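**Q** Take a look at this one; I'll ask things after.
Nothing in this text is a laboratory measurement; each read-out follows from the coordinates by a stated rule. Here the structure is a predicted model, which is why all the values come from computation and not from measurement. Ideal geometry is used to build each Cβ from the backbone, glycine not excepted, and the neighbour counts take in all protein chains shown.
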Amino acid sequence: MHLQPIFAAMRRNRVGAAVIAVQIALTLAILCNALFIIQQRLALSARPSGTDEPDLFAIANEWVGAAGDPVARVQADLALLRSLPGVAGAYVTNAYPLTGSGSTELLGLDPEKLRAAPAAQYFGDEQTLRTLGLRLIAGRNFRAEEVADLGSFDNPHPAGLIVTQALARKLFPDGDALGRGVYYAGQRSTTPIIGIIAELQVPWTSIGGWGSAWSGSSMVVPFRVVTPSAYYIVRAQPGRLSALMKSAPRRLVALNHDRVIDGVQSFQQARTAVYRDDRGLAVILAVVCAVLLAVTAFGIVGLTSYWVAQRRQQIGIRRALGATRAAIVRHFQTENLIIAAAGGIAGIALGIGANLWMVSSFATARLPLIYLLAGVAVVLGLGQLAALRPALRAASVPPAEATRTE
Amino acid sequence: MLDMRHLSKIYRTEVVETYALREFTIDVREGEFVAVTGPSGSGKTTFLTIAGLLEEFSGGEYWLDGVDTRGLNDRQRSRLRNEKIGFVFQSFNLIPDLNVFDNIDVPLRYRGMPGAERKRRIHAVLERVGLTSRMRHYPSEMSGGQQQRVAIARALVGEPRLLLADEPTGNLDTHMARGVMELLEELHRGGATIVMVTHDPDLAARAQRQVHIIDGTIVELTADPRLVREAQAAGADVSQP
Amino acid sequence: MFGYYLDLALRGLVRNPGLTLLMVASIGVGIGASMTTFAVFRAMDGDPIAYKAAELYVPQIQNLDPDVHTPNSSVHADGLSDALSYIDALALMRAHAAPRQTALYETRFAVTPSDPQLLPFQVGARAGYADLFAMFDVPFAYGGPWSAADDQAHAPVAVISRALNDKVFGGSDSVGKVLRLDGQDYRVVGVLRDWNPVPRYYDLQDAFGLEPDDVFVPFTRAIEQHKFTGESSNCSGPQRAPGWSGLLQSECVWLQFWVQLPSAADAARYRAFLRHYAADQQHSGRFHWAARTRLRDLRQWLSYEHVVSNEVRMLVVVGFGFLVVCLVNAMGLMLARVLFRSADTGVRRALGADRGAVFAQGLIEAAVIGAAGALLGVSLTALGLAGLRALLSREALVLAHMDLPEVGMAVLLAIAAAIAAGLYPTWRATRVQPAWQLRAR
């Protein structure tokens, strides 16, 4: 394959070649990064929370006024909820996964917290594990008597903690966390780890946001939340979820009017809401990529068609001298490939540069090589496809063109 | 009218220098019909493009209707072209996106002529070439001969001092060619100055005077005897180069 | 000649619909994408109180030991928290080192309607000092702010929003009426007009919330009623004692603080005051480090707090990159078109067009493409904004909209972009030698 005539032709159409190369470079840079971000966000929104989401919902409860014994009214609520037909478990808590809001506490190996790990804390009682569907892989659940009442701004000492495996490993890398004592909050004495669960996600889901570095570090703390504001987490038996989401709040209000039900949300609704921006961004970037590729492709078709028309006589001469149709097609495809390759190299550099800028500005992750390669493959492939039609038209130029004088 | 003295045109590439025209001297008087002949590559097309101010020359002088064309800038040359010269090309070179009226309109637009005056002139010139009925048609809808007549109309509409024709019948069959030549002759009888490049000796013979170019220089001059005598009387040097 | 060129441009574009469509689409899509992301950015990066932005400031005090690095969502890279503790907020209020000042926090109240048949409902509230209304130019429909005396007396008074006024009092002048909040009676002293600045600069944790604050109560009253914030609080530092008083005495940061300092001299004085205050705290043993302080004005504060989300920043860059690709594409297509028509250009040159005329014709043609692209671009922007609104949460892009100034900008941008893209191709067109075209057969 003689490349010399191709280079000569490109030198004569420097600007046109540059136009295609620049478009390919920019499209490639955007494409690689966009594909990576799309994959990141979709993977993010597919992470399991560790709970049996289809059967769970939360009721946001706000007590009005100071009337009523805080402990008694919560216990009455729990008794009611647990007695409702179709309910497979209920408890009161400060937070639940997939909401983006919750509470963080440091668990330390020493009182000064010089060696400590942050964790999301979910308050709960002996029904929490069953309600959420958390799997104990070591140790035991809380006993009813171990659960302390937690009022506003109280700091009780927890009787024990159930932590996730990830958190246990962080604190005790040698793997022997069960029974060991850790310092919780500002307590001067330790609290034992009485149970280890397989998986429970922190409430925060933002990429690079709060908790993203320790998104598997959660603990269940045996406190019964009796503050004015709390959530009741209810597990419905299969098929009973939607009915219970309507009836349970009504029953609660009927039991005690001094409250406001500030919202009822299933865990699946919570998941959709908390990952909405991530999925949305993925869709937007996908659309952007598709349009960019289309624009670049049409640009290539346009310019290549012009070159074919400009060189009709030359093509005719080649054909008259014995070049086959296939050779003509190969000539134009090769020309396109060289320009695209030049654009591709620039695009790789641009793509890496753009990624590095994003890493420093937004704390995203570094671009893996595979996305660069995938991007190059897509863009080069697209370029070849776009150049095909004009190339085929070039191939159909008859040798007689060589002799036309006008 | 068209007065070139010792004109030269050199094409320079990286490797070689080519003289397209060399020591080229010609004087076309007002009202003359000159045919320029010569083999391919002789430089007759170059002569025409330089005469039409479409290209710059390397050396010598070129006086067009008494104006020294050396050192004119692009704007001045364009203006001179617009006002003094009418072109007729072998491949008609009508603008395919425009209809007949708008094609003829183009040179008048660059003259900044008001609409009414343009309309009047276009109608007049269309009548002269006999194509008034085709005013709104597009070039693609017309025969070669008609297109060439439109081109001639376009060349005439600005009332140029000089008509330059490059193989005006090259793309036409005999019948249409005859029609175009008759039109040219008619224009000449009306007082137009015409310089026509052609490789067809029969066509060349219909002109008043023939000039033959080989390798960038005028080789032969066949002059109308009457004009030669008049020139001699006026004191011009009509000796052969 | 302008009319002539315009006419030629329109006719030429119409006779080549395919190429024209590609060029117009290129410009239109580029304008649409970039204007969409720009509209969102403008909405988020807005300066809702721009005329006063230079006078409003946020003080920061480093109340956490810089050597202890506990994870804390309030602390920025410079080691300062973006909220104050109660100790510091109260001390700053008492010192009165600024002409106007307010501590501020978000909380929630349960409203019990007078009609016992109606259920109580929750409202978002803000606890602050009387100065806040003047500082933020909060507009009143009826009545006005409470007084400094009310602040002193922990008075049960409230300023309510128009929406709440409509809901509870039917929209009438409810000044003097009683509103039952958390089971207690509060006297309404003022009713606001619609007020929801975007971004909500005084509470960036809810910067783009659609719900305005429905109730404003005196800070002192809210503290007395043990109302805690519903937004984030950070309690690093020494363990706090239990109970409300334990919280108030702790180093937990959960309060916003704003001062109004009309002149640069006032700001300098306040900065000095902050430094002295921090030094005092160190002397008294509360801090055993040299506590840093900062005073940032509103613009600096918005930037420090990264109001514009990373997703939006990313999209703005993508939008711009998109525009560049589309412009380059348009330029390529225009170049192809110019070169395709170089024979016609050559004819015009032969007939008397000088280079200037060719240039003018080419630019006007580019401008026409730009105008058509603008039409497409504006429609695409509207489509894009609707799409974004559907795909992203409301908070991500509230109030991103297109009205007349944006439309005008889009049109100008499109025409300018098309002309920019057309500059090189048009210049190439002027380089066409009349002779070359005619001799190339």
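**Q** Please give the direction-averaged projected area of the C-alpha convex hull for the range B:2-234, in square nanometres with one decimal.
**A** In nm², the orientation-averaged hull projection of the range B:2-234 is 13.7.
**Q** Okay, next question. Specify which residue in the list C:Ser34, C:Ala50, C:Ala141 is farthest towards the positive end of the charge dipole of chain C, using unit charges on the beta carbon of Lys, Arg (+1) and Asp, Glu (-1), about the Cα centre.
**A** Farthest towards the positive end: C:Ser34.
**Q** Further, regarding this structure: Give the lysines reachable from A:Lys113 as a straight Cα distance under 16 Å; neighbours fewer than 8 places away on the same chain don't count.
**A** The qualifying lysines are A:Lys170.
**Q** What would the Debye formula give as log10 I(q)/I(0) at q = 0.11, 0.12 Å⁻¹ for the alpha-carbon point model of the range C:50-304, no solvent?
**A** -0.60, -0.72
**Q** Among C:Trp427, A:Trp307, which comes first, then next, by fewest other beta-carbon atoms within 10 Å?
**A** Ranked by crowding around the Cβ, least crowded first: C:Trp427, A:Trp307.
**Q** Which helices count as membrane-span-like in chain A under these terms: full DSSP H, at least 15 Å along the axis by C-alpha, Kyte-Doolittle mean of -1.0 or more?
**A** Result, helices passing both filters: A:14-45, A:70-83, A:241-255, A:276-310, A:325-362, A:369-395.
**Q** Still on this structure, please answer the following. Determine how many Å³ per residue the convex hull of the Cα atoms of the range A:65-257 encloses.
**A** Residue-normalised Cα hull volume stands at 129 Å³.
**Q** Evaluate the distance, in nm, between pseudo-label points positioned 7 Å from the Cα of A:His2 and of C:Gln249 along their respective Cα→Cβ axes.
**A** If labels sit at A:His2 and C:Gln249, their model points lie 9.5 nm apart.
**Q** Further question: Provide A:Phe7, C:Phe121, A:Phe142, C:Phe140 in ascending order of the number of other Cβ atoms located within 10 Å of each residue's Cβ, fewest first.
**A** Ascending Cβ contact count within 10 Å gives the list A:Phe7, C:Phe140, C:Phe121, A:Phe142.
**Q** Considering chain C, which cysteines have no disulfide-compatible partner, defined as another cysteine with its Cβ under 4.7 Å away?
**A** C:Cys326
**Q** Please sort through the DSSP H helices of chain C and keep those with an alpha-carbon extent of at least 15 Å along the long axis and a Kyte-Doolittle average not below 0.5.
**A** For chain C, where a helix must reach 15 Å along its axis and average at least 0.5, the hits are C:2-15, C:17-44, C:310-340, C:355-391, C:404-430.
**Q** When the scattering of chain A is computed by the Debye formula from its Cα atoms alone, each counted once and equally, what is log10 I(q)/I(0) at q = 0.07, 0.10, 0.13 Å⁻¹?
**A** Evaluating at q = 0.07, 0.10, 0.13 Å⁻¹ gives log10 I(q)/I(0) of -0.53, -0.76, -1.03.
**Q** At 7 Å along Cα-to-Cβ for each site, give me the label-to-label distance between A:Gln187 and A:Ala294 in nm.
**A** My value for the distance between the label points is 6.1 nm.
**Q** Projected area of the range A:151-217, taken from the Cα convex hull and averaged over every viewing direction, in nm²?
**A** Reported value for the Cα convex hull: 5.5 nm².
**Q** Can you pull the three principal axis extents for the Cα set of the range C:245-312, in Å, largest first?
**A** Answer, in whole Å and largest first: 44, 33, 22 Å.
**Q** Percent relative contact order of chain C, based on C-alpha pairs within less than 8 angstrom and at least six residues apart?
**A** 29 percent
**Q** Give me a single rounded figure for C:315-326: the average over its residues of other chain Cβ atoms within 10 Å of their Cβ.
**A** 5
**Q** Taking N as the number of residues in chain C, what value does Rg over Cα atoms divided by 2.2 N^0.38 Å take?
**A** 1.37
**Q** In nm, give the distance between the simple-model label positions of C:Asp47 and C:Ala290, each being 7 Å from the Cα along the Cα-to-Cβ direction.
**A** Output for this residue pair reads 3.4 nm.
**Q** For peptide C:231-242, what's the mean number of Cβ atoms from other chains within 10 Å of each residue's Cβ?
**A** Mean inter-chain Cβ contacts per residue within 10 Å come to 3.
**Q** Tell me, what is the FRET efficiency for A:Ala323 and B:Glu30 to the nearest 0.05, using R0 = 51 angstrom and their Cβ-Cβ distance as r?
**A** Efficiency, rounded to the nearest 0.05: 0.40.
**Q** So what is the 222 nm mean residue ellipticity for chain C from helices alone, if each DSSP H run of at least 4 adds -39500 (n - 2.57) and you divide by all residues, rounding to the nearest 500 deg cm²/dmol?
**A** It comes out at -16500 deg cm²/dmol, rounded to the nearest 500.
**Q** Taking the Cα centre as origin and putting +1 on Lys and Arg beta-carbons and -1 on Asp and Glu beta-carbons, what dipole magnitude results for chain C, to the nearest 20 debye?
**A** Once rounded to the nearest 20, the dipole reads 2180 debye.
**Q** Which listed residue (C:Gly243, C:Leu302, C:Ala279) has the Cα farthest towards the positive end of the charge dipole for the range C:50-304, taking +1 on Lys and Arg C-beta and -1 on Asp and Glu C-beta about the Cα centre?
**A** C:Ala279
**Q** May I ask you to compute the full-extension gain from C:Val407 to C:Phe359, defined as 0.36 nm times their residue separation minus their alpha-carbon distance, rounded to one decimal in nm?
**A** 14.4 nm
**Q** Same structure again: Relative to a virtual label point 7 Å from the Cα of C:Phe140 in the Cα→beta-carbon direction, which members of the range C:183-212 show backbone nitrogen distances below 20 Å?
**A** C:186-197
**Q** Under the rule of -39500 (n - 2.57) per DSSP H run of 4 or more residues, summed and divided by the residues of chain B, what mean residue ellipticity at 222 nm is obtained, to the nearest 500 deg cm²/dmol?
**A** Using -39500 (n - 2.57) per qualifying helix, the result is -11000 deg cm²/dmol.
**Q** To test your reading of the geometry: what angle, between 0 and 90 degrees and rounded to tens, separates the Cα axis of helix B:115-129 from the longest principal axis of chain B?
**A** Helix B:115-129 and the main axis of chain B meet at about 80 degrees.
**Q** Here's something else I'd like to know. Could you tell me how many cubic angstrom of Cα convex hull volume the protein assembly as shown has per residue?
**A** Measuring per residue, one finds 246 Å³ for the Cα hull of the protein assembly as shown.
**Q** Mean residue ellipticity at 222 nm from the helices of chain A, using -39,500 (n - 2.57) per DSSP H segment of n ≥ 4 over the full residue count, to the nearest 500 deg cm²/dmol?
**A** That calculation yields -16500 deg cm²/dmol at 222 nm.
**Q** What ranking, highest mean first, results for peptides A:333-342, B:175-184 when packing means the other Cβ atoms within 10 Å averaged over each residue?
**A** Highest mean packing first, the order is A:333-342, B:175-184.
**Q** Then there's this: Across peptide C:220-226, how many C-beta atoms of other chains are within 10 Å of each residue C-beta, on average?
**A** That works out to 1 on average.
**Q** Let me ask you something else. Which lysines have a Cα less than 24 Å from the Cα of C:Lys177, not counting those fewer than 8 places away in the same chain?
**A** Excluding near neighbours in sequence, the set is C:Lys167, C:Lys227.
**Q** Taking B:Lys119 as the anchor, which lysines have their alpha carbon closer than 29 Å to its alpha carbon, excluding any fewer than eight residues away along the same chain?
**A** Partners found: B:Lys84.
**Q** Find the relative contact order for the range C:50-304 and round it to a whole percent, using C-alpha pairs within less than 8 Å whose residues are 6+ positions apart.
**A** 33 percent
**Q** Can you give me the C-alpha center-to-center distance between the range A:204-272 and the range B:152-202, rounded to a whole angstrom?
**A** 95 Å
**Q** Relative contact order of chain B, please, whole-number percent, based on alpha carbon pairs below 8 angstrom and at least 6 residues apart.
**A** 28 percent
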